[in-house]
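S.K.: Sharing a structure below in structure tokens format, with a few things to ask.
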Amino acid sequence: MIKSIGHFIGGARVGGTSGRTGDIFNPATGEKSGTVALASAAELNKAVELAQAAWPAWAATPPLRRARVITRFREIAEARKDELAKLIVDEHGKVMSDALGSIQRGLEVVEFASGIPHLLRGDYTEQVGPAIDSYSTRQALGVCAGITPFNFPAMVPLWMFPLAIACGNAFILKPSERDPSAPMLLAEIMKAAGLPDGILSVVNGDKVAVDAILNHPGIAAVSFVGSTPIAHYVYSTGCAAGKRVQALGGAKNHMVVLPDADLEMATDALVGAAYGSAGERCMAVSVAVAVGDKVADSLVKSLKPKLERIKVGPGADPQAEMGPLVTKQHYEKVKDYIDTGVTEGAELVIDGRGLKLQGYEGGYFMGPSLFDRVTKSMRIYKEEIFGPVLSVVRAKDYEQAVALVNEHEYGNGTAIFTRDGDAARDFASRINIGMVGINVPIPVPVAYHSFGGWKRSLFGDHGTHGMEGVRFYTRLKTVTSRWPTGIRSGVDLSFPMMG
Ligand code: NAD
């Protein structure tokens, strides 16, 4: 029997009432495994109404007590992580180790959020003026919403709701309609951890639910993670409606390899960073910039046998290193890009198209593909492919490599591989990218630092998690106070001076 996913509203799973549903597939077999309710604006409104009623009491709950709920949530989620990972494998297709790793990174943000009493501690200055004291505090915004992509159905929501809730907000999550089961389980775990009903809702849906979020006057802030065109739409529409918005978008991450790099280390790093999770990571390296033909020739030569050894298989197979792509439609999109690369004149060194796995003929499996001699005018260089496809671009020198990275429209992550400390320092300083790795291919910041790109990879002023997350989900208030027993100045119409 196929599963039917509704929403999580008011502390319980509820069926959809809009009459619209989307299909969920198992990417390893291509079979339909369930349906998900696609919310109407009325269903979203109901979740907002409950959140608005519940959040003032939650915001007034001492931070230490809020932190205890978050800690319990982490403990239960940790104990149920295999179950969560299996839901991700079944709906997203990624291999078990990747699913578990992403849950682990998400739970690190939860661990960070459980430190909320300390993170919200304000400043106090005595005697800013005669008998006048001043303090600053950060207060919850009210009802926040999060709209998340298919590629990390647990980790990206975990970047958002635990911290937002720890800060004293209510949160409405609109996950990707491709893999909604893990977010639904996360909401149930929050309930089991003792979160009051109405503080966290999961409203499944598509553009209708997103538009309802963007236009609802009761929602104060929206966090979005997904592709750049939708990120831009969410940012501009949400801001026009007077909301605080952070919208993280797509990427084209370059890894620059200098002639003095440890090439074996760089090649191994490239294989993991380009093909892990079948390239469906916003921090995946999709461009290797080899400085000099000698470096390019050696990289391609040593990449080839390593790529041929990658074991592609269903995520549930413990031997599999790379699972299928998420949907048939996405598979076709990636395949079209490879066709385009060939037409554009790039050299296809390894062709992942046409891979068929026995027993999984209906699955969306694609082998690793490697292009050499890609140039900056090609579409496969300019656009995000989001699949297991790596492009090698040959730069004549370091300056040309830096210019390539800086001129690209995306600015999520980048890395440099070198033994030259001067070059690495110069790169980290001059590169117009939000997250930079030095001999680290996927420089995803840990939970207590913040994640966020530059240029068209992030619209808004705040990254996610770490202190940026705390700032995004709270607003600053500064109180200046004086008591009648203090010094009185009498009526005074001059400009208020303290010092
Ligand atoms: P997507 O933009 O298609 O969908 C993201 C969310 O937006 C989903 O919840 C979806 O339902 C909703 N949505 C889709 N179309 C919409 C529309 N027309 N109007 C309103 N809402 C809409 O992204 P995806 O395919 O789910 O995820 C892959 C993308 O996410 C890639 O571009 C990847 O780089 C990006 N991503 C970025 C980060 C980051 O941190 N910068 C992290 C993960 C993924």
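S.K.: Check segment 352-364 and report whether any residue there is assigned by TED's automatic domain parsing to the domain that holds residue 275, farther than 25 Å from residue 99 by Cβ and either open to solvent by 10 Å² or more (accessible area, probe 1.4 Å) or in a loop (DSSP other than H, G, I, E, B) (or both).
M.R.: yes
S.K.: So, one more: Scan segment 380-395 residue by residue and report those that are away from the ligand (no atom under 14 Å from the Cβ) and part of a loop (DSSP other than H, G, I, E, B).
M.R.: Listed by number, the list holds a single entry, 388.
S.K.: Among 289, 342, which is open to solvent by 30 Å² or more (accessible area, probe 1.4 Å) and away from the ligand (no atom under 16 Å from the Cβ)?
M.R.: 342
S.K.: Another question, if that's okay. What is the residue count in segment 207-236 for residues that are charged (D, E, K, R) and either more than 8 Å from the ligand (Cβ to nearest atom) or within 19 Å of residue 49 (Cα to Cα) (or both)? Explain how you work it out, then say what you get.
M.R.: Quick first cut of segment 207-236, residues charged (D, E, K, R) only: 207, 211.
With either more than 8 Å from the ligand (Cβ to nearest atom) or within 19 Å of residue 49 (Cα to Cα) (or both) added as a condition, the list becomes 211.
Going through segment 207-236 one residue at a time, the tally reaches 1.
S.K.: Further question on the same structure: Going by the conditions given, is residue 116 more than 16 Å from the ligand (Cβ to nearest atom), at pLDDT below 95 and surrounded by fewer than 24 Cβ atoms within 10 Å (Cβ to Cβ)? Reasoning before the result, please.
M.R.: On the way: more than 16 Å from the ligand (Cβ to nearest atom): yes; at pLDDT below 95: no; surrounded by fewer than 24 Cβ atoms within 10 Å (Cβ to Cβ): yes.
Considered against the rule, which asks whether it is more than 16 Å from the ligand (Cβ to nearest atom), at pLDDT below 95 and surrounded by fewer than 24 Cβ atoms within 10 Å (Cβ to Cβ), residue 116 comes out as no.
Here is a yes/no grid of residues against (1) outside any loop (DSSP other than H, G, I, E, B); (2) more than 27 Å from residue 166 (Cβ to Cβ); (3) in contact (Cβ under 8 Å) with a residue 40 or more places away in the chain; (4) not aliphatic (A, V, I, L, M):
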{"position": "404", "(1), (2), (3), (4)": "yes, yes, yes, no"}
{"position": "416", "(1), (2), (3), (4)": "yes, yes, yes, no"}
{"position": "427", "(1), (2), (3), (4)": "yes, yes, yes, yes"}
{"position": "445", "(1), (2), (3), (4)": "no, no, no, yes"}
{"position": "469", "(1), (2), (3), (4)": "yes, no, yes, yes"}
{"position": "477", "(1), (2), (3), (4)": "yes, no, yes, yes"}
{"position": "495", "(1), (2), (3), (4)": "no, yes, no, yes"}
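S.K.: Check 415, 428 and return the single one that is more than 13 Å from the ligand (Cβ to nearest atom), of a type in the set (A, V, I, L, M, F, W, C) and within 20 Å of the chain's Cα centre (by Cα).
M.R.: On the way: 428 fails: within 20 Å of the chain's Cα centre (by Cα).
Exactly one of 415, 428 is more than 13 Å from the ligand (Cβ to nearest atom), of a type in the set (A, V, I, L, M, F, W, C) and within 20 Å of the chain's Cα centre (by Cα), namely 415.
S.K.: Pairs please, first residue from segment 146-158 and of a type in the set (Phe, Trp, Tyr), second anywhere and in a loop (DSSP other than H, G, I, E, B) and more than 6 Å from the ligand (Cβ to nearest atom), Cβ atoms under 7 Å, 6+ apart in sequence or on different chains.
M.R.: 150/178; 150/179; 150/326
S.K.: Looking only at residues in segment 42-63 that are in contact with a His (Cβ under 8 Å, 6 or more places away or on another chain) and of a type in the set (A, V, I, L, M), which one is surrounded by the most Cβ atoms within 10 Å (Cβ to Cβ)?
M.R.: Here the answer is 47.
S.K.: Give segment 19-40 a look and list any residue that's under 25 Å from the mean Cα position of the chain (by Cα) and either hydrophobic (A, V, I, L, M, F, W, C) or surrounded by fewer than 15 Cβ atoms within 10 Å (Cβ to Cβ) (or both), or say none.
M.R.: Once the filter is applied, which keeps residues that are under 25 Å from the mean Cα position of the chain (by Cα) and either hydrophobic (A, V, I, L, M, F, W, C) or surrounded by fewer than 15 Cβ atoms within 10 Å (Cβ to Cβ) (or both), segment 19-40 yields 23, 24, 25, 28, 36, 37, 38, 39.
S.K.: All but one of (1) more than 19 Å from residue 149 (Cα to Cα); (2) within 11 Å of the ligand (Cβ to nearest atom); (3) surrounded by fewer than 22 Cβ atoms within 10 Å (Cβ to Cβ) hold for residue 455; which doesn't?
M.R.: Against the list (1) more than 19 Å from residue 149 (Cα to Cα); (2) within 11 Å of the ligand (Cβ to nearest atom); (3) surrounded by fewer than 22 Cβ atoms within 10 Å (Cβ to Cβ), residue 455 comes up short only on (2).
S.K.: To continue, here is another question. Looking only at segment 64-94, count every residue that is over 26 Å from the mean Cα position of the chain (by Cα) and open to solvent by less than 50 Å² (accessible area, probe 1.4 Å) and tell me the total. Steps first, please.
M.R.: Restricting attention to segment 64-94, the residues satisfying the condition of being over 26 Å from the mean Cα position of the chain (by Cα) are 64-65.
From what is left, the residues that are open to solvent by less than 50 Å² (accessible area, probe 1.4 Å) are none.
Of the residues in segment 64-94, 0 are over 26 Å from the mean Cα position of the chain (by Cα) and open to solvent by less than 50 Å² (accessible area, probe 1.4 Å).
S.K.: Going through segment 199-215 one residue at a time, which ones are surrounded by fewer than 22 Cβ atoms within 10 Å (Cβ to Cβ) and of a type outside the set (A, V, I, L, M, F, W, C)? Full working, then the answer.
M.R.: Initially, segment 199-215 is screened for residues surrounded by fewer than 22 Cβ atoms within 10 Å (Cβ to Cβ), giving 206-208, 211, 215.
Within segment 199-215, 206, 207, 211, 215 qualify.
S.K.: Determine whether residue 416 is β-branched (Val, Ile, Thr) and touching a Ser or Thr at 6+ places or on another chain (Cβ under 7 Å).
M.R.: Considered against the rule, which asks whether it is β-branched (Val, Ile, Thr) and touching a Ser or Thr at 6+ places or on another chain (Cβ under 7 Å), residue 416 comes out as no.
S.K.: Next question. Report yes if residue 389 is open to solvent by less than 10 Å² (accessible area, probe 1.4 Å) and in contact with a Phe, Trp or Tyr (Cβ under 7 Å, 6 or more places away or on another chain), otherwise no.
M.R.: Spelling it out, residue 389 is indeed open to solvent by less than 10 Å² (accessible area, probe 1.4 Å) and in contact with a Phe, Trp or Tyr (Cβ under 7 Å, 6 or more places away or on another chain).
S.K.: For residues in segment 104-145 being in contact (Cβ under 8 Å) with a residue 60 or more places away in the chain and among the basic types (Lys, Arg), which is farthest from residue 451 (Cα to Cα)?
M.R.: Residue satisfying both the conditions and the ranking: 138.
S.K.: Now a separate question. Do we find a residue being more than 12 Å from the ligand (Cβ to nearest atom), more than 25 Å from residue 386 (Cα to Cα) and open to solvent by less than 80 Å² (accessible area, probe 1.4 Å) anywhere in segment 490-497?
M.R.: Yes, segment 490-497 contains at least one residue that is more than 12 Å from the ligand (Cβ to nearest atom), more than 25 Å from residue 386 (Cα to Cα) and open to solvent by less than 80 Å² (accessible area, probe 1.4 Å).
The values are calculated or read from the model by the stated rules, or taken from the named source; none is laboratory data. Since we're looking at a predicted model, the values are computed, not measured. Cβ sites come from the backbone with ideal geometry, for glycine too, and all protein chains shown count toward neighbours. Surface accessibility is based on the protein's heavy atoms, side chains included, excluding ligands, DNA and RNA. Shrake-Rupley method; radii C 1.70, N 1.55, O 1.52, S 1.80 Å.
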